[in-house]
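Notes follow once the structure below has been shown.
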Ligand SMILES: [Zn+2]
């Protein structure tokens, strides 16, 4: 299982992510409003460039979520799992009968997708199923 310190770290990441998503929604709204103004685009931020390359993987993950609300729900549930003490455990592996220790999602994956509910292998199986 993850150490208390690590859980606190992920809790912080999730809260930052939540704030960022909420901020993005507001920004998108104000950008849309700007377009109804003088039509000048000079003030609109270069969104992708601002995100930086180190965030590429995470942003890729973010894009796979259908909409902001869905992502906020995932983040809320991940925070809930931290409270319950089930954070970082692959749900599918648990269902398959693995112990929570063996069902741990690798930390490297959680750093990219902090709200992940499944390990890479189970995620792949799930995707294959939906395809
Ligand atoms: Zn799994």
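The values are calculated or read from the model by the stated rules, or taken from the named source; none is laboratory data. Being a predicted model, the structure only gives us computed values, none of them experimental. Cβ atoms come from the backbone with ideal geometry, glycine included; neighbour counts cover every protein chain shown.
Output the residues belonging to the range 94-120 that are within 11 Å of the ligand (Cβ to nearest atom) and either closer than 22 Å to residue 9 by Cβ or in contact with a strand residue (DSSP E or B) (Cβ under 6 Å, 6 or more places away or on another chain) (or both).
Within the range 94-120, 103, 104, 105, 106, 109, 116, 117, 118, 119, 120 qualify.
Put simply, of 91, 127, 123 the only residue that is more than 12 Å from the ligand (Cβ to nearest atom) and out of contact with any helix residue (DSSP H, G or I) (no Cβ under 7 Å at 6 or more places or on another chain) is 127.
Mind listing just one residue for me: the one in the range 76-88 that is crowded, with 19+ Cβ neighbours inside 10 Å and not in a helix (DSSP H, G or I) and, of those, nearest to the ligand (Cβ to nearest atom)? The extreme case among them is 88.
None of 49, 61, 78 is at pLDDT below 80 and within 25 Å of residue 102 (Cβ to Cβ) except 61.
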